[in-house]
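Every number here is computed from the coordinates shown, using simple stated rules; none is lab data. Note that the coordinates shown come from a computational prediction; the quantities given were computed from them, not determined experimentally. Every residue, glycine as well, gets a Cβ built from its backbone with ideal geometry; the counts of neighbours run over all protein chains shown.
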Amino acid sequence: MSLYRLARPLLFSLDPETAHRVALQGLDILPVRKNIPERPVSAMGLRFPNPVGLAAGLDKDAAHIDALARLGFGFIEVGTVTPRPQPGNPRPRLFRIAAKEAIINRFGFNNVGIEAFLANVARSRWRGVLGINIGKNADTPAERAADDYALCLEKAYASASYVTINVSSPNTENLRRLQDKHPLDALLARLVALRERLADRHGRKVPLVLKVAPDLDDSQIRIICESVEQHGIEGLIATNTSVSREGVEGLRHAGEAGGLSGSPILRKSTDVLRKFAARLPGTALIGAGGILSGGDAKEKFAAGASLVQLYTGLVYRGPGLVSECVSACRAK
């Protein structure tokens, strides 16, 4: 029996946010190391030792990078980070729906702010592929959102292998409106122009990645694809959490506000991924949402993903899910 299977009943006896903190602290002190066979993948001009990564949200403050790297991820994404520290939404804000292997969260970009975040990154010893996920502060007016993203991009640039532009969390008011045509074009144009100046300054071009919602119709997908192609965005993460409650209707906590993740959003998320793959053949696609087995990861690769990311699946399956998904990729 794996160590996680022994620990899971204890963790699930705690409220979810406390369990989240305890699990990360446990990883920091336990000598857990997974030896994952290499399955190299090249994407966005980067080399990944394997295509299975950690999604943003699990290590919001970049405080546990070294411990998480020992689990065998091919890449790690940390954040979402905002310019200024913020506490996020009031607790409780994290809910398990264990019968469906799902989670609802409404954290609201709680984080220590970009300065403390980057100090944590600097203290880590791991030198693998690191994604930094950036967002806006909750109290920043919508018309000034691009200022927050630009500040975070400039400060994080030297530390990041790639930078993810998160416009799809449902837990910051009006954030998803940045996926609409005019706000998205304006945001991406500003960030790409800034990236060109930063590339000259630092001597390397850091890829930009856009993270989108699963709750998109075909018209919205078309608009996003046009913006991604127009501005030369190197990657796209499909997807973030869902505001739908399909698959968990009537269950305890299903009525809580926030984003739904886990098994119930697998099909929705993979369908959206497949539609982006059909329209963006030259863009690196990262499949996220609902991966709880190697078979789920294999579906993402078959739908067009070059890479995949895990989060909720780790809560229900533990670190062994990483090697299982790498093996699924090898068998594709």
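Given q = 0.13 Å⁻¹, what are the Debye log10 I(q)/I(0) values for the chain, with equal point scatterers placed on the Cα positions and solvent ignored?
-0.93
Length gain on complete extension for the stretch R5 to K181, per 0.36 nm per residue less the alpha carbon to alpha carbon distance?
58.8 nm
Per-residue HN-Hα couplings for the stretch 275-287, Karplus 6.51 cos²θ - 1.76 cosθ + 1.60 at θ = phi - 60°, whole Hz, x for Gly and Pro?
Once θ is set to phi - 60°, the couplings for the stretch 275-287 become 5, 5, 4, 5, 9, 10, x, x, 9, 5, 10, 10, x Hz.
Among the DSSP beta bridges whose two residues both lie in the chain, what percent are antiparallel, rounded to the nearest 5?
30 percent
Tell me which aspartates and glutamates have Cα within less than 19 Å of K298's Cα, excluding those fewer than 8 residues away on the same chain?
E38, E101, D271, E324
Expressed in whole Å with the largest first, what are the equivalent ellipsoid semi-axes of the stretch 53-111 derived from the C-alpha gyration tensor as the square root of 5 times each eigenvalue?
21, 19, 8
Label R84 and S219 with points 7 Å out from Cα along Cα→Cβ: what is the distance between them in nm?
3.6 nm
Cross-link candidates for K136: which lysines have Cα within less than 20 Å, leaving aside residues fewer than 8 places away along the same chain?
Hits, sequence-local ones excluded: K60, K155, K181, K211.
Could you calculate the contour length gain from D66 to E115, that is, 0.36 nm times the residue separation minus the distance between their Cα atoms, to one decimal place in nm?
15.7 nm
What size of dipole, in debye to the nearest 20, comes out for the stretch 1-93 about its Cα centre when the only charges are +1 on Lys and Arg C-beta atoms and -1 on Asp and Glu C-beta atoms?
140 debye
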